[in-house]
Structure formats: C-alpha cells, structure tokens
There are 2 protein chains.
Amino acid sequence: MTKAEALTFQAEFEAELHENIVPFWEKFSLDAEYGGYINCLDRDGTIFDTDKFMWMQGREIWCFSHLYRTIAPRPGWLESARLGADFIRKFGRSENGDYYFSLDRAGKPLVQPYNIFSDCFCAAGLAEYGRVSGEAWAAEEALRLWRRIQDRKSNPKGMWTKQIGENRPQRAMAISMTQLWLSEVYEGLVPEAELEPLVAESARDILTLHMDLERHAVFERVFADGSQPQGMDGRLLSPGHALETLFLLLNAVSRLGVRGESEATRFLPEGWTMARVCEAMLWTIERGWDEEHGGIYYYRDYENRPLDKLESDMKLWWVHVEAMSAFLLAHRITGKPEYEAWFRRIKDWTWGHFRDPEYGEWYGYLDRRGEPALSLKGGKWKGMFHIPRALMYCADIFGQLEKEKI
Amino acid sequence: MTKAEALTFQAEFEAELHENIVPFWEKFSLDAEYGGYINCLDRDGTIFDTDKFMWMQGREIWCFSHLYRTIAPRPGWLESARLGADFIRKFGRSENGDYYFSLDRAGKPLVQPYNIFSDCFCAAGLAEYGRVSGEAWAAEEALRLWRRIQDRKSNPKGMWTKQIGENRPQRAMAISMTQLWLSEVYEGLVPEAELEPLVAESARDILTLHMDLERHAVFERVFADGSQPQGMDGRLLSPGHALETLFLLLNAVSRLGVRGESEATRFLPEGWTMARVCEAMLWTIERGWDEEHGGIYYYRDYENRPLDKLESDMKLWWVHVEAMSAFLLAHRITGKPEYEAWFRRIKDWTWGHFRDPEYGEWYGYLDRRGEPALSLKGGKWKGMFHIPRALMYCADIFGQLEKEKI
C-alpha cells in the first residue's frame with residue numbers, strides 16, 4: 001500500500017465514521033426520557049423495541065467516551081456517554097454486583113445476570129468513561145468489575161452453567177479474546193504488572209490451545225489440554241471470531257511492545273513471532289471466504305460436515321469489519337501483499353453489501369447471497385460498537401502506514 | 001376433495017412414510033453398540049456427531065412404538081423402540097428425576113435437565129412404549145413423568161429461569177401445545193377425568209390468551225391476562241407453531257368428542273366452535289406465507305417490523321408438515337375448499353423442496369428461496385418425529401375423508 005493510498009483509505013474510513021455511523025446513533029439511540037440508549041432501531045432509525053441490553057449499553061458508553069478521548073473532546077460525546085453511564089449506575093447492577101443481561105426502558109431488570117460479557121462490556125464502558133469524565137465512581141466501579149471478572153472468568157456462567165463440565169471440560173475462546181481488548185481499555189487504570197501477565201496468558205491460551213498448527217485452524221472449542229472434542233463442537237470454526245481474536249492479540253502485544261517487534265514477541269509463547277500469528281489469518285480466511293457469493297461465512301465445520309447452526313452461511317457485519325481490521329494490521333506488521341489483498345477484497349465486499357446509503361449506518365445480517373435478511377440497524381446484538389471500533393482501529397493503522405512510508 | 005383424490009393422497013403419504021422416512025432412521029439411527037439413537041446424521045446418513053439429545057431420543061421411542069401400535073406389530077419396530085427406552089432408562093434421568101438435555105454416546109450426561117421438553121418427549125416415548133411392550137417400568141415411569149410435568153409446568157425452567165418474571169410475566173404457548181399432544185398419547189393411561197380438564201384448560205389458554213380475535217393473530221407470547229407485551233416479544237408470530245397448536249387442539253377435542261362436533265365443542269371455551277378455530281389458520285397462513293418465494297416463514301412480526309431472530313425467513317421442515325396437517329384437518333372438519341386449497345399449496349411446495357430423492361428423507365432447513373441451507377437429515381432439533389407423525393396424521397384424515405364421502 002502506498003502512502004497516498006493509505007491516506008485515501010484513512011479519509012474514507014474517517015468520513016464513514018463521522019458522517020455515517022456516529023450521527024446515526026447520536027440521532028436515534030439516545031434516550032433522553034429514561035436515560036441509557038435505545039438499542040432496537042429499524043433501518044430508518046425507528047424504534048422497534050425499547051428493552052435495553054447491557055452488552056449494548058456498556059459498548060455505547062465505551063464508544064462515546066473513546067470518541068471523546070481519542071478523536072476530539074466534544075461536550076456532546078461526553079454527555080452521550082454520561083447518559084449511558086448514569087443509567088447503568090442506577091439500574092444495571094443486580095444485588096450480588098453482577099450486571100443484568102437486560103432491563104426494560106425505565107431500568108427494571110428483565111433478564112438475570114447470567115452472562116459475564118454484560119460485566120465485561122459495562123467494565124469497558126465505565127473504564128473509558130471514568131477516564132474522560134474524571135468521575136471517581138466510574139473508575140472505581142470499573143476497577144471493581146475488573147477484579148470481579150478475574151474472579152469469575154474460570155467459571156463465567158456460575159450457577160447458570162448448563163454444561164456438565166466434568167464430563168466434557170470444554171473451553172471457549174471468548175474470554176481470552178475479551179481479556180485482550182480489556183487489557184487495552186484498562187491501560188493506565190490497572191498496574192502494568194497486572195496487565196502484562198494477562199496478555200501473555202491470553203496469548204498463550206489462544207496460540208497453544210485454540211490454534212492447531214498441524215491442521216492449520218483456530219478452533220472455537222477445545223479441551224483444557226488443547227485437544228479437540230470429538231464431534232461438531234470440536235470441529236467448529238467461527239472465522240470472524242478467530243480473526244477478531246488474532247487482531248486483538250496482535251494489537252495488545254504491539255501496544256505493550258512499544259519499542260518494537262522483539263519486545264512485543266516476549267508476550268507470545270516460545271517460538272512465536274507476530275508474523276507467524278498473521279499466518280493463521282490466512283488459514284482462517286481461506287476456509288471462511290465464500291468463493292461463490294463472496295463474503296465470510298458465520299460458521300464452518302473443519303471437515304465440511306453439517307453445521308447445526310441455522311445462521312451458519314449468513315454474512316454478519318461484525319465478522320467483516322473485524323476481518324478487515326485483522327488483515328490491515330497483518331499487512332502493517334509483515335508488509336506482505338497477500339494481507340493487503342485480503343484487506344482490499346474484504347473491504348470492497350463489506351462496503352458494497354453492508355452499507356445502507358439510503359438510511360445510513362449498515363445492515364447487520366445478510367443472507368448468503370449478500371442481501372439483507374434482517375432490516376434492523378440496532379438490536380439485541382448489534383449496536384454502536386464493532387463498526388466504529390473497526391473504523392477507528394483501521395484509521396489508526398493507516399496513520400501508522402503513512403508514517404512508516406516516509 | 002373427492003374420495004378418489006383422498007385415496008391417492010393416502011397412498012402417496014403412506015408410501016413416503018414406509019419407503020422413504022422410516023427406512024432412513026432404521027438404517028442409520030439405531031446405535032447397536034451403545035443403545036439409544038444416533039441423532040446427528042448427514043444428508044446420506046453418515047454420522048457427524050454422536051451426542052444424544054433427549055428430545056430426539058424420546059420422540060424416536062414414541063415413533064417406533066406408535067408405528068408398532070397403529071401400523072403393524074412388526075418385531076423390528078418394537079426392538080427399535082426398546083433400544084431407545086432401555087438407553088434412557090439407564091442414563092436419561094438426573095438425580096432429582098428430571099431428564100437431562102443431552103448425553104454423550106455412551107450415556108454420560110452433558111447438559112443439565114434445564115428443559116422440561118426433554119421430560120415431555122421422554123414421557124411420550126415411554127407411555128407409548130409401555131403400551132406396546134407391556135413393560136411395567138415404562139408405563140410407571142411415564143406416569144411418574146406425567147405427574148412431575150403437571151407439578152413443574154407453571155414454572156417449567158425452575159432454577160434455570162433467566163427471565164425475571166415479576167417484571168414481565170410472559171407466558172409462552174409451547175406448554176399448552178405439548179399438553180394437547182400428551183393428552184392424546186396418554187389416552188387410557190391417565191383417567192379420562194384427569195385428561196379432559198387438561199384439554200379444556202389448554203384450549204382455553206390458547207383461545208382466550210394467545211388468540212387475538214380483533215387483530216386476527218395467534219401470538220406466541222402474552223401476559224397472563226391475555227394482553228400482549230409491548231415490543232418485539234409481544235408482536236412475535238411463529239406461523240408453524242400456531243398451526244401445529246391449532247391442529248393439536250382440534251385433534252384433541254375431536255378425539256374426546258367421539259360422538260361428533262357438538263360433544264367436542266364442550267371442550268372449547270364458551271362461544272367457540274371447531275370451525276371458528278379453523279379460521280385462525282387462515283389468518284396465520286396469510287401472514288406466514290412467502291408470496292415471493294413460496295413456503296412459510298419461520299418467524300414474522302405482526303407489524304412487519306424487524307425481527308431479531310437470524311433464522312426468521314428460513315423455511316423449516318416441521319413448520320411445513322404441521323401446516324399441511326392443520327389445513328387438511330380443517331378441510332375435513334369444515335368441508336370448505338379454502339382449507340383444501342391451502343393444504344394442496346403447502347403440500348406441493350413441501351414435497352417439491354424438502355424431499356431429497358437422491359439420499360432419502362427430507363432436508364430440514366432451507367433458505368428463503370427454498371434451497372438447502374444445512375445438509376443434515378438429523379441433528380439436535382430434527383429427528384424421527386414431525387415428518388412421520390404428520391404423514392400418519394394425514395393418512396388417517398384421508399381415511400376419514402374416504403369414509404365420509406361414501
């Protein structure tokens with residue numbers, strides 16, 4: 001990628017963020033009446049449900065706070081972050097301190113705190129909000145949540161665990177991935193001496209347990225010793241999740257290794273380099289890309305046997321934006337053209353299929369052919385998060401590419 | 001429908017059952033090594049996973065037993081039923097007597113008994129198996145399960161309930177529907193004096209709570225007073241589920257009202273007739289049929305607002321076979337041509353899209369256009385149940401139509 005191309009991309013990504021994505025959420029999601037954010041928004045921004053989902057509340061607090069901190073200290077962004085932070089402060093926590101999964105519009109709890117990711121995303125939101133607002137309660141609550149997540153992470157569902165672990169002790173990759181992102185969000189809030197081992201731990205778990213070097217795949221579910229369960233669980237591939245994880249892994253170790261690759265490498269298990277991590281992206285996309293219709297499948301089976309997830313061949317927005325960021329970062333790290341080629345291919349398909357030029361923002365759920373299957377712009381699982389976060393990450397990487405090309 | 005047409009249909013449905021459906025499960029699902037049934041079967045019958053899902057185990061026991069009782073007392077069918085019954089007898093029950101959700105191939109429990117429908121389908125399996133085998137343990141366990149389901153049904157998930165009921169006390173239609181089917185399966189095992197009020201109770205709950213006469217719709221989720229929750233939950237339509245429920249309701253009251261419609265009507269709430277129940281099928285199919293590609297959607301929103309379920313516009317096998325049975329029964333009850341027309345329309349689309357002439361049995365999951373999205377013939381949620389049950393119900397109704405036409 002030439003310097004001029006990086007500049008052009010950067011301008012395009014920043015324009016998308018500031019002219020298309022952020023305005024949509026500012027216009028439609030702020031709940032001035034009850035506080036917090038409206039999550040369920042139709043194609044044109046119309047509200048189709050007023051329940052509030054805590055993953056989405058926490059993520060939007062993070063997003064507005066992060067815009068304020070890293071783009072520009074606009075009072076409106078801080079106000080928008082405060083709207084969410086005050087709401088979850090008042091209503092988000094259950095009696096035992098864990099965060100509910102959902103609330104009604106006014107804040108009455110609807111679904112129990114069975115899901116640790118409510119806590120993870122509220123933690124991220126409050127950490128970033130505490131930083132930009134200077135409000136001590138937010139930073140303190142973020143810190144309490146951090147400790148609580150560390151306590152819970154080995155048994156994240158607690159009493160809500162339906163799987164009988166002693167008979168099939170599977171581990172999923174999601175907590176390792178989220179921890180890598182949190183390690184970035186919490187930089188400066190938690191002592192380095194505490195953060196660094198967690199990054200190394202996540203890197204080790206992902207690279208030695210979930211990544212299979214012989215079979216060239218990143219598996220979603222493995223046993224504690226890294227072997228794969230028999231059957232469909234053991235064969236499950238989630239290309240978007242694998243690429244998001246590899247991106248966050250490389251991003252986290254890059255940040256800690258501020259003085260360059262050799263320093264970053266010490267957060268990786270023995271024998272690993274950043275470039276070797278990038279290679280796993282190629283295995284993943286080669287299995288995940290739909291050669292017939294384009295785009296990246298949601299799920300695949302390693303042996304191309306049947307999947308039992310109905311949505312397996314759908315094309316999801318977050319999969320594509322995370323994949324785009326991953327290949328761009330891999331290109332920056334390695335300089336290799338194959339990563340740039342994949343970045344461009346994914347970027348073109350993503351721009352061409354997910355964007356909604358008529359009503360703004362992006363569709364979330366396309367069918368295999370790339371046509372919208374659901375019309376919503378926001379819902380239980382889609383909010384102000386993956387798209388703006390990826391656009392910011394990418395803009396940042398384009399900036400680095402420009403500097404490196406000088 | 002003329003008598004000759006009914007005869008032709010009956011022959012076609014019976015051939016489908018005996019030449020296509022039953023042989024597939026006999027050939028591929030029987031686990032001679034460990035007992036029970038293999039559930040996860042690819043298009044050609046290849047096993048793709050060996051976990052055993054208790055809904056499917058119970059349903060297959062029911063199916064083989066029912067074939068034995070109602071079609072012909074072939075020893076092989078009884079043996080096949082025994083294979084499942086012995087397996088769930090040994091491994092199916094958790095310590096508190098509730099049935100696990102899934103086991104591994106050898107019977108080790110994998111997922112806790114969080115789901116009352118495991119108990120419902122094992123109950124049905126053991127009730128029918130107890131009847132045909134004469135094994136006292138099976139009938140006794142079926143009876144114990146029946147009482148236990150009655151105790152649990154007002155709080156079916158017990159400690160596994162994530163919804164905070166006091167803030168949004170929704171009721172789902174599934175338990176009422178299942179109870180109607182169980183009332184048929186348990187005929188003769190439970191005293192009539194106990195069964196009849198349950199049918200009347202289910203009929204009342206469905207017709208007075210879930211059916212909205214003003215808005216012409218059968219809603220999945222309502223409040224205890226029959227009002228609809230605000231938002232997407234309250235607007236949710238599941239056409240297949242509504243049609244299956246209306247079918248089982250009409251079937252149950254017909255069976256109890258053996259001396260004709262006026263007797264059957266006394267199991268319906270005041271002011272209701274069988275014909276009026278049939279009308280709700282028309283509302284349902286008019287909203288549920290896909291005019292562009294044909295077939296019946298999985299989910300719809302009453303106001304055509306966004307759905308948040310990714311699989312909403314997919315076409316599922318069970319939806320179509322239950323709809324087919326429902327319209328055929330409505331035609332028999334009312335004699336009206338509009339029900340026959342819908343029966344034929346659904347039957348043609350179903351035969352044309354779900355059947356797999358190459359490897360036998362039917363696909364379960366088509367995309368909106370009617371092309372297979374998943375290749376599996378059996379999985380966590382698809383087994384030897386909806387298709388053979390519907391073929392048997394329909395064959396039976398064709399038989400009645402033939403008699404009535406004399």
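The values are calculated or read from the model by the stated rules, or taken from the named source; none is laboratory data. The model shown is predicted, which means the values in this text are computed figures rather than measured ones. All Cβ positions, glycine included, derive from the backbone under ideal geometry; neighbour counts span all protein chains shown. What goes into the accessible areas is simple: the full protein's heavy atoms, side chains included, and nothing from ligands, DNA or RNA. Shrake-Rupley method; radii C 1.70, N 1.55, O 1.52, S 1.80 Å.
General remarks:
Residues are listed down the side, and each one gets a yes or a no for (1) more than 30 Å from residue A:113 (Cα to Cα); (2) open to solvent by less than 30 Å² (accessible area, probe 1.4 Å); (3) part of a loop (DSSP other than H, G, I, E, B); (4) in contact with a Gly (Cβ under 8 Å, 6 or more places away or on another chain):
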residue: B:171; (1), (2), (3), (4): no, no, no, no
residue: B:181; (1), (2), (3), (4): yes, yes, no, no
residue: B:196; (1), (2), (3), (4): yes, no, no, no
residue: B:200; (1), (2), (3), (4): yes, no, no, no
residue: B:204; (1), (2), (3), (4): yes, no, no, no
residue: B:228; (1), (2), (3), (4): no, no, yes, yes
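- Listed by position, the helices (runs of 4 or more DSSP H) inside the range B:1-97 whose residues that are of a type in the set (Ser, Thr, Tyr) number at least 2 are B:54-70.
- Options B:100, B:114; residue that is touching a strand residue (DSSP E or B) at 6+ places or on another chain (Cβ under 7 Å), under 19 Å from residue B:146 (Cα atoms), within 14 Å of chain A (Cβ to nearest Cβ) and open to solvent by 10 Å² or more (accessible area, probe 1.4 Å): B:100
- Residues that are more than 7 Å from chain A (Cβ to nearest Cβ) and in contact with a strand residue (DSSP E or B) (Cβ under 9 Å, 6 or more places away or on another chain) within the range B:369-385 comprise B:369, B:370, B:372, B:377, B:378, B:381, B:382, B:383, B:384, listed in sequence order.
- Residue in the range A:310-333 that is more than 14 Å from every other protein chain (Cβ to nearest Cβ), open to solvent by 20 Å² or more (accessible area, probe 1.4 Å) and part of a helix (DSSP H, G or I) present: yes
- Number of residues in the range B:390-406 that are aromatic (Phe, Trp, Tyr) and buried (at least 22 other Cβ atoms within 10 Å of the Cβ): the value is 1.
- Within the range B:51-72, not a single residue is within 14 Å of chain A (Cβ to nearest Cβ), among the hydroxyl-bearing types (Ser, Thr, Tyr) and buried (at least 24 other Cβ atoms within 10 Å of the Cβ).
- The number of residues in the range A:348-362 being over 27 Å from residue A:128 (Cβ atoms) and within 21 Å of the chain's Cα centre (by Cα) comes to 4.
- Considering residues of the range B:196-250 that are within 24 Å of residue B:318 (Cα to Cα) and of a type in the set (Gly, Ala, Ser) only, the residue nearest to the other protein chains (Cβ to nearest Cβ): B:234
- Failed condition for residue B:254, given (1) free of Cβ contacts under 8 Å to residues at least 40 places away in the same chain; (2) within 21 Å of residue B:390 (Cα to Cα); (3) of a type in the set (S, T, N, Q): (1)
- If you go through the range A:139-167 and keep only what is open to solvent by 30 Å² or more (accessible area, probe 1.4 Å) and part of a loop (DSSP other than H, G, I, E, B), you end up with A:153, A:154, A:155, A:156, A:157, A:161, A:162, A:165, A:166, A:167.
- Hits in the range B:67-87 - residues which are in contact (Cβ under 8 Å) with a residue 40 or more places away in the chain and basic (Lys, Arg): B:69, B:82
- Index of the failed condition, residue A:127 passing every other in (1) open to solvent by 10 Å² or more (accessible area, probe 1.4 Å); (2) in contact (Cβ under 8 Å) with a residue 24 or more places away in the chain: (1)
- Test: residue in the range B:284-293 that is buried (at least 21 other Cβ atoms within 10 Å of the Cβ), within 14 Å of chain A (Cβ to nearest Cβ), in contact with a strand residue (DSSP E or B) (Cβ under 7 Å, 6 or more places away or on another chain) and not charged (D, E, K, R): no
- Residues located in the range A:337-389, provided they are open to solvent by 10 Å² or more (accessible area, probe 1.4 Å) and acidic (Asp, Glu): A:338, A:340, A:348, A:358, A:367, A:371
- Residue in the range B:150-166 that is hydrophobic (A, V, I, L, M, F, W, C), under 24 Å from residue B:113 (Cα atoms) and touching a residue at least 12 places away in the same chain (Cβ under 8 Å) present: yes
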